[in-house]
Structures are given as C-alpha cells and as structure tokens.
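What follows is a set of notes on a single structure, which appears directly below.
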Amino acid sequence: MSTELCYRTARDLADLLRRREVSAREVVAAHLQRIERVNPALNAIVTLVPERALAEAAAADERLARGEPVGPLHGLPVAHKDTHLTAGIRTTSGSPLLSDHVPDADELIVERIRAAGAITIGKTNVPEFAAGSHTFNPVFGATRNPYDAGRTPGGSSGGAAAALAAGLHPIADGSDMGGSLRNPASFCNVVGLRPAPGRVPTYPNQAPWATMSVQGPMARTVADAALLLSVIAGPDPRSPIAIDEPGSVFAGPLERDLSGLRVAWTPDLGATVPVDPAVVTALAPQIAAFTDLGCTVEEACPDLTGADEVFRTLRAWQFDLALGPVLDRHRDQVKPSLATNIEQGRALTGADLARAAVLHAALFHRMREFFTRYDLLLLPVCQVPPFPVEQEYPTEVAGEVQPDYLGWMRSAYLVSATGHPALSVPGGFTPDGLPVGLQIVGPHRGELAVLRAGHAFEQATGVGLRRPDPPS
C-alpha cells in the first residue's frame, strides 16, 4: 500500500484526500517511509523535515474534518528545490557558503504551493548555485539517476526529477535558465515545463525585468504538472513582468482533439547541433504518435540565428549580477566552471548587451512568424542520454568536441533564448534503458497548447509509465 500510494498521480491523491479515503497523515508517512528506504542510494532529497511534515499533515486532516475549505494541493507532500527560499528550513544552493543558511520567509513559488495545501517534507539537491545540468555539489555530493545509479539525473533540478521518478513525492518545483527543468525531466523520465517568462512570477528577484530564468512545475504526468502550474501561475504585484491571466486556466482537463495541428519536427535543429544517435533513435518512432492523433508532421526548424549569443551573453550578465560578489570574497570556494562564467559576465561591454538585445528582438519575430506556419515544434530535450555521474559534463557529442560545459545543452538553451514555453515529456528509452525526453515547444505564452499536446502524446505512447527500480 505504501509504494502504491507513492506512485499515485497527484490528481488521484488529491481526490482521495478530499474524499477522506486516505488521510494526509497516511500519505505523508508513506512517502517518508519510501524516502527512508530509497533516498540514501539516490541522494535526491538533501534536507528532510519529517516531524514538521507529520505535524502539518495532522493539521490538514483536522481542517478537512471540520469542514473547512482546502486547497487544490491539500495534503500532497512536496520537497522544494534547494535554491528556493523556505522559511525555517535551510536553503544552501549547494554551496558551502550557505550550508547553514535558514531563511526567514518563503519565496513566492513556495508560498503559493504551501497556500494551496501542500506539505513541505524537505529540499531537493542542486548543482552549486544551480550552475550546470549535473547535480553535484561540495555540500551534499552527487544525486544519482533512479534508472541507473551510475548516471546523472541532470540538473539543476536534478534532485527534484530523481525524487519524482523514485516515488519520493508526487510534484516538485524547479527553475530553468538553460534547461534546468527540462534536462533532468528528460534524464529521469518525468515531466518538466519551462513556462514563458512572467507566467510564474518570481519574488524576491535581483533582476525582476530579466526573462532568461524562470520557475515552473515538475511531475510524473503532464496533468499533474498542469495542476501545479495552476497554483504557481498568476499575477503578483511584486513581479513587473507577471502575466495577468489567472493560473486556474491550467486546472481543468487537458483532453483535446489535435486533428489538423501543424507540427514541425527537427531532430538536430536543422543540422545545427550534434545529437547522439541513441537519442534520435529513441525519439523518431514516437513522432508518429502525432500523425496518429491527426496532426500534419513535417521536418522543419525555425531560424535560431543569434540565439546562442543571446543566451550566453544574458546568462553571463545575470551570473555576474547574482554571484560576482561571491566570487570576489570566496573564489577558492567556487567551482571553476562557475567562476569562468561570472568572469565572462564581467568582461561584457555595453555594446555586447546592446547587440544581444537586437539579436533577441530579431529572434522573437522569426519565432513569431514560424508559429504562424506551425502550431508546435518538436525536438530532443537533450543531445545526449544521461552520462556517467563522475563526469562533470559531456565533452563530446556524436563525435564533436564541445567548447565548454554549456555546449552539450544547446537543444535546451537555444529554446530558452526564444522565450517560448517548452515541455519535456517522456519520449523513449535507449537500448540500455536510459530515458530520453521529447521537447514540445509552443507559441508565445502558449503553455496550454503545449500541455494539451504533451498530454495527448503521453496517453498515446505510455512511455512515462515505465518505472525505475532504484537501489535501496
């Protein structure tokens, strides 16, 4: 019963809890038992607050028994990304400099999740300051992939993805600049949505007008990701770019007839990025599901000229803004790849930022025109399958040497530069059993279209139903 509860969908659990067929105490206790059994071998959840969680579960049961209204996430356990501020629970960002940091207040995404009735059970592991798509740091060490403990779960929301895949909690929050919601979802056979900037407002935020980094939902199903999005999306006066549309638009059923949709598929972004053949081999047969669903599918790719420069320039600028003072004071405690990126930010000139702004504008308009011809864009989330956990990043993809630790992530971060919503949904497996995610990109602020397409694909293929057998 314990394991069965832990692999129920969030929507099923929420219904059971509201009907009082199961208690929040039972749900939280079942997940804590699974964490105790499975997490030591995975290192996905790095801070656990079991006593607090059980007390909150008891209070949730009492509220329901008294007939008080409860939120859409009532009684659901969740562990928050260790870069997200949590009141009374340490938030380390994977850095020794913050190993004892205990915030006084929740940040906005955590605040909304808890207000909707979810119960915090702990924090999920991240790379140092969330830099890079492999989850390891000097505070907690590396997180391992539930499908193969010798492989990485990706990052930076790697702890969250591994925990979801292993049944440690049913929903998770994350963030994404260059792929940090999508890459780990792909590597762990779960779902991660990078929303459009402003869809999920962020606070506090040093650069509230910036658009490259966003927060979003992760889950084991598209419907559960949409449920979480319905809670964390919506306007907030503390975010100047927050979208006015309420999050409730994502709460309803996702079933839709996809007949007539025009779908573009590009296995390698128009031959501009190298992709491991195992990735394409896993995904290519699954693309036929869209044809079976009534879509017209053809191979096509938008013109992403300038996207690489836009992303790298704005990323470096933002890293210098956020972490430049840390580098000045504690260079010996910052990993070399992160230090290099901060220094690249410091080397930027006004002309560099101006050029990035012009390229960014042109990219937006080319994407806008592309989505007058197509309704969806399909491509791999990652250019490689999950790589060995001892390796910081892939130095070669399909025989092509990569320039740095960002090179292998272009299939994700080039999409980030466009600002369009992008979903990672389970898309297939390599011959040796490693997950591969399909990336579904939609028009500007078209999250609902992306979620509906992802749900239809998920139901048609069933790839996401394949569970790992993590070590314990």
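Here is how the numbers come out for the structure above:
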{"read-out": "Cβ crowding within 10 Å averaged over residues, with 240-246, 115-121, 423-429, 281-287 ranked highest first", "value": "423-429, 115-121, 281-287, 240-246"}
{"read-out": "At least 20 Å along the helix axis (C-alpha) and Kyte average at least -0.5, DSSP helices within the chain", "value": "24-42, 50-65, 307-330, 350-373, 447-461"}
{"read-out": "Shape call, the stretch 41-96: gyration tensor on alpha carbons, a/c limit 1.5", "value": "prolate"}
{"read-out": "Per residue accessible area of the chain, 1.4 Å probe, in Å²", "value": "36 Å²"}
{"read-out": "Evaluated over the stretch 332-433, the Cα radius of gyration and Dmax, each in Å", "value": "17.1, 51"}
{"read-out": "Length-normalised contact order of the stretch 423-472 in % [C-alpha pairs under 8 Å, at least 6 apart]", "value": "34 percent"}
{"read-out": "Under-5 Å amide H pairs with Tyr203, H placed in peptide plane, nonlocal only", "value": "Leu108, Ile109"}
{"read-out": "Prolate/oblate/rounded call for the stretch 119-171, Cα gyration tensor, a/c under 1.5 rounded", "value": "oblate"}
{"read-out": "Tensor-based shape of the chain (alpha-carbon gyration tensor, a/c under 1.5 rounded, otherwise prolate or oblate)", "value": "rounded"}
{"read-out": "Relative contact order (%) - the stretch 48-193, alpha-carbon pairs under 8 angstrom, separation at least six", "value": "22 percent"}
{"read-out": "Amide H contacts of Thr124 (H built 1.01 Å from N, under 5 Å, at least 5 apart or other chain)", "value": "Val46, His80, Lys81, Asp82"}
{"read-out": "For the chain: relative contact order, % (alpha-carbon pairs under 8 angstrom, 6 or more apart)", "value": "17 percent"}
{"read-out": "C-alpha center-to-center spacing [the stretch 290-361, the stretch 128-154] in angstrom", "value": "22 Å"}
{"read-out": "Solvent-accessible area of Cys6 with every protein chain in place, 1.4 Å probe, in Å² to the nearest 10", "value": "0 Å²"}
{"read-out": "Residue range of the chain that is longest and free of trypsin sites (Lys or Arg not before Pro) which are both DSSP loop and sparsely packed (at most 15 other C-beta within 10 Å)", "value": "257-465"}
{"read-out": "The stretch 141-281 - charge dipole about Cα centre, Lys and Arg +1 at Cβ, Asp and Glu -1, debye rounded to 20", "value": "180 debye"}
{"read-out": "Surface share of carbon and sulfur [accessible, 1.4 angstrom probe, percent] for the chain", "value": "53 percent"}
{"read-out": "Net charge dipole size for the stretch 7-141 [Lys, Arg +1 and Asp, Glu -1 on Cβ; Debye, nearest 20]", "value": "400 debye"}
{"read-out": "About the Cα centre, charge dipole magnitude for the chain (Lys/Arg +1, Asp/Glu -1 at Cβ), debye", "value": "580 debye"}
{"read-out": "Cα pair distances exceeding 17 angstrom across the stretch 264-347, given as percent", "value": "64 percent"}
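The values are calculated or read from the model by the stated rules, or taken from the named source; none is laboratory data. Note that the coordinates shown come from a computational prediction; the quantities given were computed from them, not determined experimentally. A quick note on method: Cβ atoms are made from the backbone with ideal geometry, for glycine too, and the neighbour counts reach across all protein chains shown. Heavy atoms of the whole protein, side chains included, go into the accessibility calculation; ligands, DNA and RNA do not. Shrake-Rupley method; radii C 1.70, N 1.55, O 1.52, S 1.80 Å.
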